[in-house]
Amino acid sequence: PGDPIEQVYFPVSGMISLLAVMQTGEAIETGIVGADGLLGGDAAINGHAFGQMTVQLNGAALTMPKAQFVEAYLKHPHLRNLVDRYQATLMMQAQQNAACHALHSVRSRLCRWLLQSQDLIESDTFILTQEFLSHMLGVRRNTVSIEAHAVQGAGLIRYRRGHITILNRDGLEDCACECYSVIRAETDKFMGPAKTHSEPDA
């Protein structure tokens, strides 16, 4: 955190978590970025990065040197407007996630997180370990295990050796806290509505 950046990244697949990291090394997720966004834009403009980023799901990204990005940002009002709006969307995510971590149950946050992941990668199946989920949700691994198996027991997901398959999206939406719909509605204003997802075969 605080280090200068040299590149701006435009993910075309995969998913990246934005993290707030404490001096103890403990971290919690403040936002997620997929193929709808960019990484490092605000840091390029303001000079330094705050927080950390970690790849959740592997993918590809286009890169642009910081100097070229800043030049284009200053030169083209339409690009500047898009970048500023996107950064505002990330700030909204961070504010909503802060409230979510403080006020909502682990299970409802887990369901929200799975829905957001599905929206970003446009797949019903992805690989996520209990350890990784524990960092993202700010809880112990055994808590993740208990809650994930409860969600699986309700028929909403299939969870085997880190492989998660969403079986019942409507059920997940019922289980998720209000933060999912709030974040999605605000993101849709910027990106347009997310694609609908078909239910996979059980």
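Relative to the longest principal Cα axis of the chain, at what angle does helix 141-153 sit, 0 to 90 degrees, rounded to 10? Tilt of helix 141-153: around 60 degrees.
Using the Cα gyration tensor of the range 7-101, with a ≥ b ≥ c the square roots of its eigenvalues, what is the shape: rounded (a/c below 1.5), prolate (a/b larger than b/c) or oblate (neither)? Let's see the in-between values first.
On the way: a/c = 1.73, a/b = 1.54, b/c = 1.12.
Prolate is the answer for the range 7-101, as a/c is 1.5 or above and a/b outweighs b/c.
Restricting the range 119-158 to GluC sites (Glu not before Pro) that sit in a DSSP loop and have at most 13 other Cβ atoms within 10 Å of their own Cβ leaves Glu122.
Given 0.36 nm per residue, what is the gain on full extension from Gln87 to Gln152 after removing their alpha carbon distance, in nm? All intermediate terms of the calculation are to be shown ahead of the outcome.
Values: separation 65, 0.36 × 65 = 23.40 nm, distance 3.48 nm.
Going from the current span to full extension adds 19.9 nm.
The relative contact order of the range 97-192 comes to 37 percent, based on Cα pairs under 8 Å that sit 6 or more residues apart. Each Cα pair under 8 Å and six or more residues apart adds its separation to the average, and for the chain the resulting relative contact order is 21 percent. In the range 87-177, the inverse of the mean reciprocal separation of distinct Cα atoms equals 13.3 Å; this is its Kirkwood hydrodynamic radius. Can you give me the angle between helix 179-191 and the longest principal axis of the chain, using Cα atoms only, in degrees from 0 to 90, rounded to the nearest 10? Compared with the principal axis, the helix lies near 40 degrees.
Relative contact order for the range 7-101: 35 percent, from Cα pairs under 8 Å spaced at least 6 residues apart, divided by residue count. Per residue, the chain reaches -15500 deg cm²/dmol at 222 nm when only DSSP H runs of four or more residues are counted, each adding -39500 (n - 2.57).
Modelled spin-label separation between Asn46 and Val12, with each label point placed 7 Å from Cα along the Cα-to-Cβ direction: 2.9 nm. Computed from label points 7 Å out along Cα-Cβ, the spacing between Asp188 and Asn58 is 3.4 nm. Modelled spin labels at Val21 and Gln95, positioned 7 Å past Cα toward Cβ, are 2.7 nm from each other.
Read-outs: derived from the displayed coordinates by stated rules, not from any lab. Small disclaimer: the values here were computed from a predicted structure and weren't measured. As a convention, Cβ positions derive from the backbone with ideal geometry for all residues, glycine included, and neighbour counts pool all protein chains shown.
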